[in-house]
1. If you take the residues of the stretch 152-170 that are under 16 Å from N93 (Cα atoms) and either in contact with a Phe, Trp or Tyr (Cβ under 6 Å, 6 or more places away or on another chain) or in contact (Cβ under 8 Å) with a residue 40 or more places away in the chain (or both), which of them is surrounded by the fewest Cβ atoms within 10 Å (Cβ to Cβ)?
2. Being open to solvent by less than 80 Å² (accessible area, probe 1.4 Å) and either at pLDDT 90 or above or not polar (S, T, N, Q) (or both) is the filter here, so list the residues in the stretch 187-198 that pass it.
3. Could you tell me whether any residue of the stretch 199-207 is surrounded by 14 or more Cβ atoms within 10 Å (Cβ to Cβ), within 19 Å of the chain's Cα centre (by Cα) and assigned to a strand (DSSP E or B)?
4. Determine whether Y142 is part of a strand (DSSP E or B), surrounded by 13 or more Cβ atoms within 10 Å (Cβ to Cβ), touching a helix residue (DSSP H, G or I) at 6+ places or on another chain (Cβ under 8 Å) and among the hydroxyl-bearing types (S, T, Y).
5. If you go through the stretch 119-129 one residue at a time, how many are open to solvent by 50 Å² or more (accessible area, probe 1.4 Å) and modelled with pLDDT of 95 or more?
6. If I filter the stretch 171-179 for residues that are open to solvent by 70 Å² or more (accessible area, probe 1.4 Å), assigned to a strand (DSSP E or B) and polar (S, T, N, Q), do I get at least one hit?
7. Does K182 qualify as being open to solvent by less than 80 Å² (accessible area, probe 1.4 Å) and at pLDDT 90 or above?
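The values are calculated or read from the model by the stated rules, or taken from the named source; none is laboratory data. Remember, it's a predicted structure, so these values are computed and weren't measured experimentally. All Cβ positions, even for glycine, are placed from backbone atoms using ideal geometry, and neighbour counts span all protein chains on display. Note: accessible area is taken over every heavy atom of the protein model, side chains too, but ligands, DNA and RNA are not part of it. Shrake-Rupley method; radii C 1.70, N 1.55, O 1.52, S 1.80 Å.
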Amino acid sequence: MNITYLKTTAILLVSIVIFSSCLSSKTLTNSIKANIGKELAGVKKIDASNIILKTEALTKMDSLVIVDKNKSYFIPAIVFWMWENSLNCKLNNQIYTNTFIDILNYKIGEFQLSKHLGNKVLEINIEKIPSEFKYLNKGFFYFIVYAYGYSFYEGIQPDEQTLEISYRILEDNIEIKNKTFKKYYNTPYKDGWAGSTKLVNKYIQSLNANFETDCNEFVTEIIDNL
């Protein structure tokens, strides 16, 4: 095979990979907003006077999403190329607080939770929400005479995110029961058929589904322990 043709083909291949995956913080911010809604809804209310939700431990944000560039470089050379592009993303905690309230309100109606409590008070504290992650695109390419090779990775790193919710039941202002519920969101997310903004939005959809499942499990556990 002609060495010039081989070199041109290899460089073209890697160039397509690099530049098609180059994602800016502005592009990702706009894509996420388009996917989850451009405006942040107001905080929803709980449909029971004897159930209290506390969220003071959560970080408050004015924006729906914040995307910051963490690292970005591209090193082209005659025989070796290397690149990395990483973006830190944080979704507004209120998005997930409202999701939790929707689930809780559904359970309140389904199981008549307020009546089961009677004169007792259920206090729920959302302490941590897995709303931060990092988009990462990195790789390298080398070309030596008649051979070339490359490595490419594009994925999402949750960065040790945790869902942590605790509850306690009070009777005459005396705590009679308490428990803490934790779930860890540590698994990297990859999808070979999606790239850049599509990859991030698919991860958010997966995150939302897992969050809803875990919140349902937590509220069901409370009901079982009443």
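1. It comes out as T162.
2. Going through the stretch 187-198, the residues open to solvent by less than 80 Å² (accessible area, probe 1.4 Å) turn out to be 188-189, 191, 194-197.
Result: P188, Y189, D191, A194, G195.
3. If we filter the stretch 199-207 for residues that are surrounded by 14 or more Cβ atoms within 10 Å (Cβ to Cβ), which is where we start, we get 199-204, 206-207.
Remaining after also requiring within 19 Å of the chain's Cα centre (by Cα): 199-204, 206-207.
Among the residues that remain, those that are also assigned to a strand (DSSP E or B) are: none.
No: the stretch 199-207 contains no residue that is surrounded by 14 or more Cβ atoms within 10 Å (Cβ to Cβ), within 19 Å of the chain's Cα centre (by Cα) and assigned to a strand (DSSP E or B).
4. Values: part of a strand (DSSP E or B): yes; surrounded by 13 or more Cβ atoms within 10 Å (Cβ to Cβ): yes; touching a helix residue (DSSP H, G or I) at 6+ places or on another chain (Cβ under 8 Å): no; among the hydroxyl-bearing types (S, T, Y): yes.
When the stated conditions are applied, Y142 does not pass them.
5. Going through the stretch 119-129 one residue at a time, the tally reaches 2.
6. Scanning the stretch 171-179, I find at least one residue that is open to solvent by 70 Å² or more (accessible area, probe 1.4 Å), assigned to a strand (DSSP E or B) and polar (S, T, N, Q), so the answer is yes.
7. Details: open to solvent by less than 80 Å² (accessible area, probe 1.4 Å): no; at pLDDT 90 or above: yes.
Here the answer is no, as K182 does not meet what is asked.
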